[in-house]
1. From the list Ala258, Ala263, which residue is farther than 30 Å from Ser206 by Cα, among the small types (Gly, Ala, Ser), touching a residue at least 24 places away in the same chain (Cβ under 8 Å) and out of contact with any Ser or Thr (no Cβ under 9 Å at 6 or more places or on another chain)?
2. Which of the residues spanning the stretch 151-192 are open to solvent by 30 Å² or more (accessible area, probe 1.4 Å) and either part of a strand (DSSP E or B) or more than 24 Å from Pro224 (Cβ to Cβ) (or both)?
3. Just to check your reading of the model, which residue among Trp87, Trp155, Trp94 is modelled with pLDDT of 75 or more and in contact with a Leu (Cβ under 8 Å, 6 or more places away or on another chain)?
4. Does any residue of the stretch 351-363 turn out to be at pLDDT 95 or above, aromatic (Phe, Trp, Tyr) and either within 30 Å of Asp239 (Cβ to Cβ) or in contact with a strand residue (DSSP E or B) (Cβ under 6 Å, 6 or more places away or on another chain) (or both)?
5. Could you count how many residues in the stretch 288-325 are outside any helix (DSSP H, G or I), among the charged types (D, E, K, R) and open to solvent by less than 40 Å² (accessible area, probe 1.4 Å)?
6. Say we look at the stretch 22-45 and pick out the residues that are closer than 12 Å to Leu102 by Cα and open to solvent by 40 Å² or more (accessible area, probe 1.4 Å); which of these is farthest from the chain's Cα centre (by Cα)?
7. Do any strands (runs of 3 or more DSSP E) lying entirely in the stretch 193-287 carry at least 1 residues that are open to solvent by 50 Å² or more (accessible area, probe 1.4 Å) and under 24 Å from Gly53 (Cα atoms), and which ones are they?
8. Of all the residues that make up the stretch 370-397, how many are within 16 Å of Ser223 (Cβ to Cβ) and part of a loop (DSSP other than H, G, I, E, B)?
Amino acid sequence: MSHQQPLSSSVQPTDIYGGDEVSALVLDPGYCNTRAGYAGEEMPKQVLPSFYGHINGRDVFGDEYIVPKPGFEVRNYMNRDSVVEDWDAATRMWEHVLVKRLQPERSTPPSKKGINISDDGDVPMEDDGNNNEDAMDALEKPLAENPLLMTEAPWNSPKAREKAIEISMETWGVPAFWLSKTPVLAAFAAGKATALVIDVGGANTSVTAIHDGMVLKRSIQRSPVGGVWLSSQICKMWDGSEPKVDVVPRFMVESKKAVEAGAPAEANLRKFNFDIHPSFRAYEEERVLTEFKESVVEVWRGPQRFTTPGNEDAVRTQPGRVFEMPDGSNQMWREQRFKVSEGMWDETAAYNSTDEEGRVTKAQTIPALIKAALEGVDVDLRPNILGNVVVTGSTSLLNGFNDRLNHELAQMYPGVKIKIHAAGLTTERRFGAWIGGSILASLGTFHQMWISRKEYDENGAGIVEKRCK
């Protein structure tokens, strides 16, 4: 009796979606950027702005297409809560990044090229038309061979979750699908199954407690105090500074001369024979603000608040940072670069804002979010969660952020062992959720978890609510 031979590594079972057998895709949509790539890789292959151009009734995706043109408008398919608002645009954007940018060009099937025609000019007949049409249909769906893991905000609505699986299964024909919450994936990326995840992103800041890989729903806290809010604070600071700082985006500058610090700019500005759409101008101004955040803004490390008497005077005696605007004007920033970010921790230090969005209440500051999140967690779990604080999100890369967070936590929870896990590499902090998704989707054990095409056909879109908790 012959023994059955094990499958060689080149002949993998066809029903396995995880591991290295089939390249699963990971899609991580956010308010500022949409990240996509293959599971098992260290970094997303494609990072596109979630902002896209709209001109003459059509949409264009990718930074290289966001250029000044008559009637060119910049839009975003997400709202400031990191939830999809425009599903048509979202579908087109995701398809653009997953299919056009990630997939190799598909070759035309031989039957459509005419190379199957025999010498006498006859085309061979197919044996079973129906089966063949189904097979061709499956092949023509852009992602028929790639399982897809997608990320979502912890507060995403059931309707939006069902829409995501519907698009993936019906429009793209994915063989398997999974939806995972961003804080859970950020914790996985840090090697934690239980953690307090502090995600300081572009549109908002959220604090979520994770226990054994599950989001503790009562702990979810969020606030608009993120990168975009920080930009509005910088604008307030520039408006009130002497001399007033005007933001001239890079696309408007044709040439410039070097000038002394504080001197007015000497630059030739481009003239356009059409009106620049305000949304395009705002998008370009945000680039300058991002540069300022990355190179100048710093978080006051503590231990006391920045507003404590004497701190501001002490900073004035220290070296500052010079920032040059795209038009050549430059200035030294000292105590202002700490003051501008202080509102994240202490609402009394924030620049006053006339609009609702820019105003910060005490409950929206990071220490208050942490306190509220932990109050929604069982008392017995708190010490374990505080011993695994995971920091993620681009805005958490501000200089001094982790030191300040450590001081605030130590003051709020004296006697508790607090350990902060914040990846040293900027890419790991920016793409925390994507990296967690890449790790999860490439695990051999995860392939039993996917929602398969068969399950979706049997149960409909509602399956996502039952399975992806």
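The values are calculated or read from the model by the stated rules, or taken from the named source; none is laboratory data. Quantities reported herein were computed from a predicted structural model and do not represent experimental measurements. In this analysis, Cβ positions are derived from the backbone assuming ideal geometry, glycine residues included, and neighbour counts consider all displayed protein chains. Surface accessibility is based on the protein's heavy atoms, side chains included, excluding ligands, DNA and RNA. Shrake-Rupley method; radii C 1.70, N 1.55, O 1.52, S 1.80 Å.
1. Details: Ala263 fails: out of contact with any Ser or Thr (no Cβ under 9 Å at 6 or more places or on another chain).
Going through Ala258, Ala263 in turn, just one is farther than 30 Å from Ser206 by Cα, among the small types (Gly, Ala, Ser), touching a residue at least 24 places away in the same chain (Cβ under 8 Å) and out of contact with any Ser or Thr (no Cβ under 9 Å at 6 or more places or on another chain): Ala258.
2. Just the residues of the stretch 151-192 that are open to solvent by 30 Å² or more (accessible area, probe 1.4 Å), to begin with: 155-159, 162-163, 166, 170-171, 188-192.
Answer for the stretch 151-192, where residues must be open to solvent by 30 Å² or more (accessible area, probe 1.4 Å) and either part of a strand (DSSP E or B) or more than 24 Å from Pro224 (Cβ to Cβ) (or both): Glu162, Lys163, Glu166, Glu170, Thr171, Phe188, Ala189, Ala190, Gly191, Lys192.
3. Numbers: Trp87 fails: in contact with a Leu (Cβ under 8 Å, 6 or more places away or on another chain); Trp155 fails: in contact with a Leu (Cβ under 8 Å, 6 or more places away or on another chain).
Criteria check complete, one pass: Trp94.
4. Taking every residue of the stretch 351-363 in turn, none turns out to be at pLDDT 95 or above, aromatic (Phe, Trp, Tyr) and either within 30 Å of Asp239 (Cβ to Cβ) or in contact with a strand residue (DSSP E or B) (Cβ under 6 Å, 6 or more places away or on another chain) (or both).
5. Of the stretch 288-325, the ones outside any helix (DSSP H, G or I) are 296-310, 317-325.
Pick out the ones that are also among the charged types (D, E, K, R) and you get 298, 301, 305, 321, 324.
Next, only the ones that are open to solvent by less than 40 Å² (accessible area, probe 1.4 Å) stay: 298.
Total satisfying the criteria: 1.
6. Ranking the candidates gives Ser23 first.
7. Working: elements: 195-200, 205-211, 221-223, 253-257, 266-269.
Here the list reads 253-257, 266-269.
8. 2
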